[in-house]
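Read the structure below first, then the notes.
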Amino acid sequence: MFVSRRGARFLLLVLAMCSMWVTTPLSATTPYTPSWMSMHPYYCYGEVWMSWAPSTGATYYEAEQSDYSDFIPSWIVYEGPGTYFFHDGGYGGIDGFNYYRVRACNANGCSDFRDGGAVYTYDPCL
């Protein structure tokens with residue numbers, strides 16, 4: 001197939017114009033860290049109500065608890081799409097200081113943690 005110079009320039013112009021309408025996929029990004037986390041203790045059985053800011057791009061959240069401020073060791077107490085959680089300490093409660101943090105996640109990974117700080121709970125109901 002023979003294309004003249006004029007035809008080649010026209011073809012390049014058409015291709016360049018068409019490329020303006022082709023959308024490129026967004027780069028895979030993790031969600032932003034929730035901007036705040038709030039905790040409110042309910043003193044019977046060491047229960048804690050926690051909530052956090054929704055995060056752009058998040059499909060689920062992970063909330064962790066630890067007995068130590070460095071979160072070593074820690075365990076996930078919530079994993080789901082909501083921005084609030086009622087942590088029931090169970091029988092015997094979670095007496096004393098407990099530390100909580102949350103992060104936002106999606107298929108590309110998770111954000112950094114938002115530290116909620118310490119909350120003191122005790123069980124005067126036994």
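Given the criteria modelled with pLDDT of 90 or more, in a strand (DSSP E or B) and in contact with a His (Cβ under 8 Å, 6 or more places away or on another chain), does Val77 qualify?
Details: modelled with pLDDT of 90 or more: yes; in a strand (DSSP E or B): yes; in contact with a His (Cβ under 8 Å, 6 or more places away or on another chain): yes.
Against the criterion (modelled with pLDDT of 90 or more, in a strand (DSSP E or B) and in contact with a His (Cβ under 8 Å, 6 or more places away or on another chain)), Val77 qualifies.
Exactly one of (1) over 14 Å from Arg101 (Cβ atoms); (2) modelled with pLDDT under 95; (3) not aliphatic (A, V, I, L, M) is unmet by Ser69. Its number?
(1)
Residues that are surrounded by fewer than 11 Cβ atoms within 10 Å (Cβ to Cβ) and modelled with pLDDT of 90 or more: does region 38-55 have at least one?
Checking region 38-55: not a single residue is surrounded by fewer than 11 Cβ atoms within 10 Å (Cβ to Cβ) and modelled with pLDDT of 90 or more.
Find the residue count for region 87-104, including only residues that are modelled with pLDDT under 80 and over 15 Å from Val77 (Cβ atoms).
Total satisfying the criteria: 4.
The values are calculated or read from the model by the stated rules, or taken from the named source; none is laboratory data. Model, not experiment: these values are computed from the prediction. Quick reminder, even Gly has a Cβ in these numbers, built from the backbone with ideal geometry, and neighbours come from all protein chains shown.
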